[in-house]
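Trainee: Before I ask anything, here is the structure I am working with.
The values are calculated or read from the model by the stated rules, or taken from the named source; none is laboratory data. None of these values were measured; they are calculated from a predicted model. Note: ideal-geometry Cβ built from the backbone for every residue, glycine included; neighbour counts use all protein chains shown. Just so you know, the surface numbers come from the protein's heavy atoms only, side chains and all, with ligands and any DNA or RNA stripped out. Shrake-Rupley method; radii C 1.70, N 1.55, O 1.52, S 1.80 Å.
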Amino acid sequence: MSPYAKSELREPDPQRGEHSRSCAQRQGKSFRGYIAASLSLIAVFAASGAPYPLYERYRIEEGLSTGDLSWATVSYLFAVLATLLVFGQISDYLGRKPVTLAALVLAALGSAVLLHLNGMMVLILGRVLQGAACGLAASATQAYVLDTAPRHPTWLGAATATNVSQIGIVLGTLGGGFLAWSSPSPEQAPMLASIMLTVLALLLVIAADHDPVGRRSGAMTSLRPVVAIPQAARPLIVASAGVFISTWALTGFYQSFAPTISATYLGTRNPVMAALVIASVVGPQPFGAAVSGRIPVRKAQVYGSVTFAFAVSAIAFGLYRHSAPLVIGSGLIAGLSQGVGYTASVRMLLDKVTGDQHAGLMSAISMISYIGSAVPSFIAGQLSLVMFLQTIATGYVGLAAAGALLIIGIRHRTT
């Protein structure tokens with residue numbers, strides 16, 4: 001070893017070492033925030049998914065109709081929309097952590113209300129609280145995930161922000177179905193589990209001392225209802241909206257009617273089967289998101305929307321045939337293709353904006369998606385009073401086909 005090399009070993013650069021330690025500390029804090037934000041998304045949306053397997057039980061024991069159940073779903077969805085419209089950008093001013101904590105508290109309160117369900121108004125109140133929680137999470141907590149996600153792989157932040165909520169719904173739905181089936185308190189056990197999960201997430205957010213957005217003035221001004229679609233993303237929003245609306249419409253259909261579908265068309269009132277019907281569509285979406293990250297975004301958008309349209313057609317056919325394997329199998333394909341197309345569309349939009357525009361853009365994306373779910377759910381709920389569900393399902397086939405044709409037409413024109 002040369003004397004020069006020995007000198008380097010004896011006299012390291014303290015400034016370089018301090019800089020490396022500082023970077024490592026910042027990365028560690030950011031990663032803890034990413035984990036806490038991701039778990040918070042799971043907890044909030046798990047709480048919103050836990051009641052779904054109980055809808056058929058609510059219908060029978062509380063004397064509700066399928067129209068009443070669709071009203072509960074629509075109330076939840078419009079609570080999400082209202083929260084996004086008014087509070088969609090509030091975390092840009094108050095910080096990601098405080099708004100995420102508020103979302104967790106509202107989710108726990110919604111579950112607490114549903115612990116003592118005794119009629120339609122209590123169901124709607126619980127769902128409105130959970131919808132408000134999801135509205136805050138869909139803007140602030142998703143932006144929290146994006147702001148703290150590791151830089152590599154580059155698609156991880158968008159995939160997590162747009163699909164971890166679906167994992168939460170699946171966990172809440174399956175967990176709620178299993179607890180409703182196995183517990184001596186079928187209506188209370190899923191809600192208690194949801195409360196415990198939200199409390200755990202709340203503690204992790206408090207412990208994650210890194211907030212990527214500092215508090216600043218202007219919070220009251222941000223409460224004005226504004227849909228923040230940045231100028232750079234607007235040329236792509238129409239094509240992306242076709243994906244958001246058509247895919248989320250099917251999710252809303254399942255949220256409203258999966259337990260009734262299970263009981264009427266698949267021959268069982270077991271809440272686990274109802275949970276599996278919902279999870280068949282929602283569960284594969286994160287896997288589709290991972291696939292989407294390995295395909296060019298425009299191709300992923302087209303492939304996802306076209307495959308989704310064919311899968312929805314197969315679901316409707318399965319309902320006519322009263323075939324559980326066909327309904328669930330086609331639901332898995334629909335969920336996978338939704339993950340591909342939806343994530344590709346989000347990636348296209350996020351690539352056009354800066355970091356400080358994430359919350360507003362994610363709010364706009366979520367608003368379009370929830371409108372695409374709420375309006376068809378309301379219409380389907382009213383039609384369910386006079387029509388069979390398999391007939392209503394054909395309308396969703398038309399909506400999925402329209403979304404695919406819109407994507408193909410716009411892509412052909414721009415190419």
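Trainee: Under 5 Å between amide hydrogens, which residues at least 5 positions from Ala208 or on another chain qualify, with H placed 1.01 Å from N in the peptide plane?
Mentor: Under 5 Å from the amide H of Ala208: no residue qualifies.
Trainee: While we're on this one: Ranked highest first by average number of other Cβ atoms within 10 Å, how do 30-39, 341-350 line up? Present the calculation step by step, with values, prior to reporting the outcome.
Mentor: Values: 30-39: 21.6, 341-350: 25.8.
By packing density, highest mean first, the sequence is 341-350, 30-39.
Trainee: Considering the chain as a Gaussian network with a 10 Å cut-off on Cα pairs, which listed residue, Leu326, Leu54, Leu77, attains the greatest mean-square fluctuation?
Mentor: In this elastic network of the chain, the residue with the biggest mean-square fluctuation among Leu326, Leu54, Leu77 is Leu326.
Trainee: Between Asp351 and Met387, how high is the FRET efficiency from 1/(1 + (r/R0)^6) when r is the Cβ-Cβ distance and R₀ = 30 Å? Nearest 0.05. Don't skip to the answer; put the middle values down first.
Mentor: Details: r = 42 Å, r/R0 = 1.41.
So, using R0 = 30 Å, E works out to roughly 0.10.
Trainee: Moving on to the next point. Give the calculated FRET efficiency between Arg151 and Ala82 to the nearest 0.05, with a Förster radius of 30 Å applied to their Cβ-Cβ distance. Display every interim value, and only then the final one.
Mentor: Working: r = 35 Å, r/R0 = 1.15.
It comes to 0.30.
Trainee: Mean-square fluctuation check for the chain, GNM, Cα pairs under 10 Å: which of Val243, Val297, Val277 is largest?
Mentor: Val297
Trainee: Find how much the distance from Trp181 to Asn118 grows on full extension, using 0.36 nm per residue of separation minus their present alpha carbon separation; answer in nm with one decimal. Walk me through the intermediate numbers first.
Mentor: Working: separation 63, 0.36 × 63 = 22.68 nm, distance 1.98 nm.
That pair, Trp181 and Asn118, stretches by 20.7 nm at full extension.
Trainee: Rolling a 1.4 Å sphere over the protein heavy atoms, what is the accessible area per residue of the chain, to the nearest Å²?
Mentor: Numbers: 17370 Å² over 415 residues.
With the other protein chains kept in place, the chain gives 42 Å² per residue.
Trainee: Over the chain, calculate the relative contact order: mean separation of alpha carbon pairs under 8 Å at least 6 apart, over the residue count, as a percent. Let's see the in-between values first.
Mentor: Numbers: 758 pairs, mean separation 103.1, N = 415.
That works out to 25 percent.
Trainee: Continuing with this model, one more query. Once the Cβ-Cβ distance between Thr268 and Lys299 is put in as r, and R0 is 45 Å, what FRET efficiency do you end up with, to the nearest 0.05? Kindly include the intermediate steps, with their values, before the conclusion.
Mentor: Details: r = 40 Å, r/R0 = 0.88.
In this case the efficiency is close to 0.70.
Trainee: Calculate for the chain the 222 nm mean residue ellipticity that helices alone would give, adding -39,500 (n - 2.57) per DSSP H run of length 4 or more and normalising by residue count, nearest 500 deg cm²/dmol. Before the final figure, lay out the partial values.
Mentor: On the way: 17 runs with 321 residues, N = 415.
That calculation yields -26500 deg cm²/dmol at 222 nm.
Trainee: A further question follows. Springs between alpha-carbon atoms under 10 Å, Gaussian network over the chain: tell me which of Phe308, Phe253, Phe388 tops the mean-square fluctuations.
Mentor: Checking each option, the largest mean-square fluctuation is seen for Phe388.
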